[in-house]
Structure formats: C-alpha cells, structure tokens
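Working notes for the structure below.
The values are calculated or read from the model by the stated rules, or taken from the named source; none is laboratory data. A quick note: this is a predicted structure, and the numbers were derived from the prediction, not measured. Cβ placement follows ideal geometry from the backbone for every residue including glycine, while neighbour counts extend to all protein chains displayed. Side chains included, ligands, DNA and RNA excluded: accessible areas come from the protein's heavy atoms. Shrake-Rupley method; radii C 1.70, N 1.55, O 1.52, S 1.80 Å.
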Amino acid sequence: MDKLRRRAWAEIDLKALEHNYHTLRVMLPQGCRLLAPVKADAYGHGAIPVARKLEALGADYLAVASLDEGIELRRAEVKAPILILGHTDPVWAGELLEHDLTQGVFDEETARALSRAAVREGRTLTVHMKADTGMSRLGLLCDERGLEAAAETMARMYALPGLRWEGIFTHFSHADGSEEYTMLQFTRFLDLLTVLEGKGITFKIRHCAASAAVLNYPCTYLDMVRPGIAFYGHYPDPSCQGLDGSGLTPLMTLKARVASVKSLPAGTAVSYGRTRVLERESRLAVLTIGYGDGLPRACSDRLRVWVGGGYATVVGRICMDLCMVDVTDLPGVKPGDEAELYGPHVPVEDAAELAGTIQYELLCNVSKRIPRIYLD
Ligand SMILES: *Cc1c(COP(=O)(O)O)cnc(C)c1O
C-alpha cells in the first residue's frame, strides 16, 4: 500500500524482535528451550510474520491459544513445534494430528477422549500436562492437599495409549509482584514432579516461567521458558526491569495522520458530549485514528501524543475514527503530518495507565483496520 494513502498504521520492527530474542536467549543456561507465545495474533503484532521471524531466529517452540491459531500458522508453512495453551474439544483431535500441533491437557476426561481418537487414527498425539499450582485457571489442582490425588490422576493419564507426554507445565499468577507466592507455586510444581518421578513418570520439557518469572526468577527456568510480552519489548511490570542487561525494545509504533488543523476561539466546545470547552484560542489538529482502531476511548482528554516534533494532548472525547489534539504550541503541524500514538515517544504503558488497563490489552486491541507494516 502506498505510504501516503495510509490513514493509520502500525510499524512492527522485526529488528527489535531479533534484539529481544537475543536478549532473552543469553539469559538462559545452555540447553534451556525458548518458547515464544504468538497467541492473540502475536499480541496484536501479526502472528504469521512474527512467527516466521521467530522461527528463523531459532525459537524452539511457539504457543497459541487455540486450534485455529495453530492451523493459521501451519497454513503459513511455520514448521516449529506449536503448543496450544488453551482448550481444544477432543472432537478436533484429527486436526491436531494432521497439523502436528501439541495440545495442553488439563483433565482426565479430555486425555481419555484424545487418547481414543489418536488410537483410532493409529497415530500419536503430542501433549503437555497442565498443573494448577495456584493460578486457579487451567490444570489439575496441585496444592498441598490436592497433590497426591492430582499425581494419581496424572499417572492414569500418562498411561493412556496414543499420547506422547512430552511436557508438563504450570503458570504463575503473581511473578510480577510476590516472590513469596511465586516460590510457593514453584515449590508445589517441584513437589509434584518429585511425586511423579517416584511413580516412574518423567517429562522431557518442564516449564513454568512467563516474562515476569524470566526477568525475576532464573531459578524457575527448568527446561523451557515462555516469555510473551518480553518478546514484544515490554516489561510485564516496571518492577521487572533488571536482569536483562541490554534492555527490551518495543516492536510496535502506532501512527496516524493529521487530517486537518484549525484555530478555534476560546469558549468553543470540542467533540461528542462537549466534555471540553476551550479555555483559550486554540489550534486543534484532527488525527485519523479513534477507538475503532483500538485507541481506548478512556484516554479521551488526557493522552499525550507525539506530532510535529512535540507533544500534543487529546482534547475532548476520542471518536470512532478520529480524535482531536491541541497543537497550539506546535505551530509547524500541518495536514498530512504523521502522529505517533504508541511508540518510542509515547510508551503504550502510559496510555494503558490512563485507560485503567495494561499494555497487553492495548497491544491486542489494535484493530484489524490497522495495517501492520513490517520493518526488517
Ligand atoms: C500468555 C501466556 C504466557 C506469556 O505471558 P507473558 O506475561 O506475556 O510473558 C505464558 N504462559 C501461558 C500459559 C500464557 O497463557
């Protein structure tokens, strides 16, 4: 697409992905595998180009949330192992086998159904066992009281035909805030592994660390780590910046254009609901981006964007396709200029804070209407 025709777009810097990949890789001991989560369209960055780049860089594993996300990558000729972290109904076992996808398994019922389907097809499905050590999301509950029962259930699952139990994993709920709780979860996981080992049950790939644990707790790396947000150049929480040395670089810069600039007298009401009345004569620039593009409406009247070499604040409500910013003090701004909404001058974390959410959500919410432009 011709650059000047673009209304609003996201530049995705694959060189930054490469930098983050190496930053993460050098933190790991020899032999520790690196899994890259590319779920939710690679956190809004575009699953196929990101997965291809990660594969070329040497990522050992990819992860998605659903069967459809996995098939999308296989259709794009991505060959790396892919783990489906979320639920897949066993009626789709044939698709898992056909596309060589690894499935996370959370309960005995599903394991049995997957086993029957694999045996029927005369094939072996690769699976990872999920343990719930305190997130209370997916997996068999493995707290102190549930440990023995969970291990017995897992032993039965492990013995089923047609399944290859390549891995076992758990997920931390508070690795960006509580060392105590993270270590409790990690201890539960290690205890589970010990009990299973006593039953002769072992796994090649034991994994538990997402970005926060990768940055905070090297003791949790085991055989593989699963940092997501860190690959995209963001810290799960400001408290996690420390171990990675050279720093992570964000991939995405969200941009739009100045559609028009005009001066308006003091006392003029701006945008829907007239939430803002100009206190002084002002020059307002209209930007070609709005909540229909994923820019949170909750940032109305507050977000600072970068345009014409300076900062301009959103005035009034963000509309579906447009928003207004005050460029009174930026006399050079003219129609056709580029504006940065998230990027090196405007951390998406700032917008997330204004919107009362986290950077993960804003990245995922950059809408389908925004073309992703890949820089490499
Ligand atoms: C999304 C996800 C990750 C990655 O989390 P980040 O905080 O982005 O690093 C890791 N593991 C599981 C199970 C996930 O769902």
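What the table below lists for this structure:
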quantity: Under 30 Å from residue 79, Cα to Cα: lysines that are on another chain or at least 8 residues apart; calculated: 15, 39, 53, 130, 204, 368
quantity: q = 0.10, 0.20 Å⁻¹: log10 I(q)/I(0) that the Debye formula gives for region 239-376, counting C-alpha atoms only; calculated: -0.34, -1.20
quantity: Extension gain, residue 57 back to residue 298 (0.36 nm per residue minus Cα-Cα distance, nm); calculated: 83.0 nm
quantity: Bins of 5 Å, starting at 0 and running to the largest distance - Cα pair percent for region 27-115; calculated: 3, 15, 25, 23, 15, 12, 6, 1, 0
quantity: Among 267, 292, 249 the positive-end extreme of the charge dipole of region 228-322 (Cβ point charges); calculated: 267
quantity: Lys, Arg +1 and Asp, Glu -1 on Cβ, resulting dipole of region 1-141 about Cα centre, debye, nearest 20; calculated: 400
quantity: Stokes-Einstein D (µm²/s) once Rh is taken as the Kirkwood radius of the chain over alpha-carbon pairs, at 4 °C in 1.567 mPa s; calculated: 57
quantity: The chain: calculated mean residue ellipticity at 222 nm from DSSP helix runs of at least 4, using -39500 (n - 2.57); calculated: -8500 deg cm²/dmol
quantity: Rounded to 5, percent antiparallel among DSSP beta bridges of the chain; calculated: 50
quantity: Dipole magnitude of the chain about its Cα centre (Cβ charges: Lys, Arg +1; Asp, Glu -1), debye to nearest 20; calculated: 1080
quantity: Solvent-accessible surface (1.4 angstrom probe) belonging to residue 164, in square angstrom, nearest 10; calculated: 110
quantity: Most to least accessible of 374, 272, 217 (protein chains only, probe 1.4 Å); calculated: 272, 374, 217
quantity: Ranked by how many other beta carbons lie within 10 Å on average, peptides 248-256, 23-31, 330-338, 137-145 from highest; calculated: 248-256, 137-145, 330-338, 23-31
quantity: Simple Cβ-charge dipole of region 201-325, Lys/Arg +1 and Asp/Glu -1, about Cα centre, in debye nearest 20; calculated: 320
quantity: Taking only Cα atoms of region 6-54, radius of gyration then Dmax in Å; calculated: 12.8, 46
quantity: Radius of gyration and maximum dimension Dmax of region 47-164, Cα, Å; calculated: 15.1, 45
quantity: Nearby lysines by direct alpha-carbon distance to residue 262 (threshold 26 angstrom, same-chain neighbours under 8 apart not counted); calculated: 3, 334
quantity: Kirkwood Rh, Cα atoms: Rg over Rh of region 235-289; calculated: 1.28
